[in-house]
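The structure under discussion appears below in the form of structure tokens.
The values are calculated or read from the model by the stated rules, or taken from the named source; none is laboratory data. Owing to the predicted nature of the structure, the values given are computational and were not obtained by experimental measurement. Using ideal geometry, Cβ is built from the backbone for each residue, glycine included, and neighbour counts are taken over all protein chains shown.
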Amino acid sequence: MTGEQIVFLVVAFVTLFAGLMVVTTRNLVHAALWLVAALFGVAVTYVILHANFLAVVQVVVYIGAIAILFIFAVMLTRRDMRDQGPQMNKNWWFGAVLAVLTFGGLYFLLQGWEGMTKTATSYPVGFDAISELGNALVSPAGYVLPFEVASVLLVAALVGAVYVAFNPRNGNSGK
Amino acid sequence: MVPLSWYLIFAAALFSIGMFGVLSRRNAVAILLGIELMLNSVNINLAAFWRYGDVHLMAGQVFAIIVFAVAAAEVAVGLALVISVYRSRRTVVADEIDMMKW
């Protein structure tokens, strides 16, 4: 077993444990912090995969923006179910069975696929994945259209989010 | 080298955990946390297929970036909806949000 495999196994188990804590812990602020741990584990997985840009974006966008947004939302909506009462609905066992069945089904499906045991070709020496990715994102022969559509979607979503969360009663609408 | 199967099984497990969270939590914010886990597991798969296929084809990483953008948009809209519902109904329990108009 090589060092890379050991690192991957440790990161994977830590990430899965953090994921389990996200879905089972009672305190939602703790759940959001466990989500930060899980996202960081995924970022380390990207580093192992040589996807350096994705790792940095994972830390900046997911941990820096999305997880903090979650913590804000938890704190803004935290009056009524402050950790008391059941955090799971009464059909939680059904969800657990369905999750286990999904994992089993995916595992079974992957076992029957011949590409499963594939090992990576060695990473090309001097290959600059980040500049390649930048070229792919802005070249018309590449993926400039999906990129622009994603940015328009992001603008529309943020405008919509501000509109939805805006409170007309005590908002400072210039009235 | 880590075999491709380890990544795929890891991502499948993370996806299942996120799905359990989506299906069984009562708090709407916790349901969104589960969705984040599911999106991340998909991204691991995309990056792994990029690495184990031809690294000169950047489609896997580009698609992962699109997923990042969509996840950010989804979280912004979802949390805005949760806060808006909380403001008018004083609840974030998904079972109790059962009216189309208030």
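Go through the residues of the stretch A:128-150 one by one and say whether even a single one is touching a Leu at 6+ places or on another chain (Cβ under 8 Å), among the small types (G, A, S), within 9 Å of chain B (Cβ to nearest Cβ) and within 22 Å of B:V70 (Cα to Cα). If you could, list the steps in order and put the result at the bottom.
Residues of the stretch A:128-150 that are touching a Leu at 6+ places or on another chain (Cβ under 8 Å), as a first pass: A:143-144, A:147.
Those left that are additionally among the small types (G, A, S): none.
Scanning the stretch A:128-150, I find no residue that is touching a Leu at 6+ places or on another chain (Cβ under 8 Å), among the small types (G, A, S), within 9 Å of chain B (Cβ to nearest Cβ) and within 22 Å of B:V70 (Cα to Cα), so the answer is no.
Looking at A:Y107, A:Y143, A:Y123, which is the one that is over 30 Å from B:V75 (Cβ atoms) and surrounded by 11 or more Cβ atoms within 10 Å (Cβ to Cβ)? First the steps, then the outcome.
Details: A:Y107 fails: over 30 Å from B:V75 (Cβ atoms); A:Y143 fails: over 30 Å from B:V75 (Cβ atoms).
Criteria check complete, one pass: A:Y123.
So which of B:A71, B:A48 ends up being over 18 Å from A:L28 (Cα atoms) and touching a residue at least 40 places away in the same chain (Cβ under 8 Å)?
Values: B:A71 fails: touching a residue at least 40 places away in the same chain (Cβ under 8 Å).
None of the other options fit; the residue is B:A48.
Would you be able to tell me the number of residues in the stretch A:1-12 that are in a helix (DSSP H, G or I) and either aliphatic (A, V, I, L, M) or exposed (fewer than 13 other Cβ atoms within 10 Å of the Cβ) (or both)?
Here is the first cut: in the stretch A:1-12, the residues in a helix (DSSP H, G or I) are A:3-12.
From what is left, the residues that are either aliphatic (A, V, I, L, M) or exposed (fewer than 13 other Cβ atoms within 10 Å of the Cβ) (or both) are A:3-4, A:6-7, A:9-12.
Total satisfying the criteria: 8.
Within the stretch A:45-56, can you find the residues that are free of Cβ contacts under 8 Å to residues at least 40 places away in the same chain, out of contact with any Ser or Thr (no Cβ under 8 Å at 6 or more places or on another chain) and buried (at least 17 other Cβ atoms within 10 Å of the Cβ)?
At the first step, the residues of the stretch A:45-56 found to be free of Cβ contacts under 8 Å to residues at least 40 places away in the same chain are A:45-47, A:49, A:54-56.
Retained after the next criterion (residues that are out of contact with any Ser or Thr (no Cβ under 8 Å at 6 or more places or on another chain)): A:46-47, A:49, A:54-56.
Result: A:Y46, A:L49, A:L54, A:A55.
So how many residues does the stretch B:4-13 have that are within 7 Å of chain A (Cβ to nearest Cβ) and either among the hydroxyl-bearing types (S, T, Y) or more than 16 Å from A:F108 (Cα to Cα) (or both)? Break it down into steps so the answer makes sense when it comes.
Taking the stretch B:4-13 and keeping what is within 7 Å of chain A (Cβ to nearest Cβ), we get B:4-6, B:8-10, B:12-13.
Within this subset, residues satisfying the condition of being either among the hydroxyl-bearing types (S, T, Y) or more than 16 Å from A:F108 (Cα to Cα) (or both) are B:5.
Final tally of qualifying residues: 1.
Quickly run through the stretch B:84-102 and pick out the residues that are facing another protein chain (nearest Cβ under 7 Å), surrounded by fewer than 20 Cβ atoms within 10 Å (Cβ to Cβ) and in a helix (DSSP H, G or I). Don't jump to the end; show me each part of the working.
Of the residues in the stretch B:84-102, the ones facing another protein chain (nearest Cβ under 7 Å) are B:84, B:86-87, B:90-93, B:95.
Filter again for surrounded by fewer than 20 Cβ atoms within 10 Å (Cβ to Cβ), leaving B:84, B:87, B:90-91, B:93, B:95.
Residues satisfying the conditions are B:S84, B:R87, B:D95.
Table: residues versus (1) over 29 Å from B:S5 (Cα atoms); (2) modelled with pLDDT of 85 or more.
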{"position": "A:F108", "(1), (2)": "no, yes"}
{"position": "A:S131", "(1), (2)": "no, yes"}
{"position": "A:A141", "(1), (2)": "yes, yes"}
{"position": "A:L153", "(1), (2)": "yes, yes"}
{"position": "A:G174", "(1), (2)": "yes, no"}
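Under 7 Å between Cβ atoms, which residue pairs at least 6 apart in sequence (or on different chains) link something in the stretch A:130-148 that is charged (D, E, K, R) with a partner that is buried (at least 17 other Cβ atoms within 10 Å of the Cβ)?
Pairs that qualify, where the first residue is charged (D, E, K, R) and the partner is buried (at least 17 other Cβ atoms within 10 Å of the Cβ), are A:E132/B:M58.
Between residues in the stretch A:1-17 that are touching a residue at least 40 places away in the same chain (Cβ under 8 Å) and residues that are of a type in the set (V, I, T) and assigned to a helix (DSSP H, G or I), which pairs lie under 6 Å by C-beta distance while being six or more apart or on different chains?
A:F8/A:I48
How about the stretch B:25-60: which of its residues are of a type outside the set (S, T, N, Q) and in contact with a strand residue (DSSP E or B) (Cβ under 9 Å, 6 or more places away or on another chain)?
Residues of the stretch B:25-60 of a type outside the set (S, T, N, Q): B:25-26, B:28-39, B:42, B:44, B:46-60.
Matches in the stretch B:25-60: B:R25, B:R26, B:A28, B:I31, B:L33, B:G34.
May I ask you to say which residue of B:A64, B:A80, B:A28 is more than 7 Å from chain A (Cβ to nearest Cβ) and modelled with pLDDT under 95?
On the way: B:A64 fails: more than 7 Å from chain A (Cβ to nearest Cβ); B:A80 fails: more than 7 Å from chain A (Cβ to nearest Cβ).
Result of the check over B:A64, B:A80, B:A28: B:A28.
Among (1) of a type outside the set (D, E, K, R); (2) within 14 Å of the chain's Cα centre (by Cα); (3) facing chain A (nearest Cβ under 7 Å); (4) within 24 Å of A:S131 (Cα to Cα), where does B:A47 come up short?
(2)
Determine the pairs where a residue that is not assigned by TED's automatic domain parsing to the domain that holds A:A51, located within the stretch A:96-121, has a partner that is surrounded by fewer than 12 Cβ atoms within 10 Å (Cβ to Cβ) with Cβ atoms under 9 Å apart, the partner being 6 or more residues away or on another chain.
Filtered contacts from the stretch A:96-121: A:T121/B:D54.
Residue check: is A:I71 surrounded by 16 or more Cβ atoms within 10 Å (Cβ to Cβ), more than 9 Å from every other protein chain (Cβ to nearest Cβ), among the aliphatic types (A, V, I, L, M) and more than 23 Å from B:W6 (Cα to Cα)?
For A:I71, the condition - surrounded by 16 or more Cβ atoms within 10 Å (Cβ to Cβ), more than 9 Å from every other protein chain (Cβ to nearest Cβ), among the aliphatic types (A, V, I, L, M) and more than 23 Å from B:W6 (Cα to Cα) - is met.
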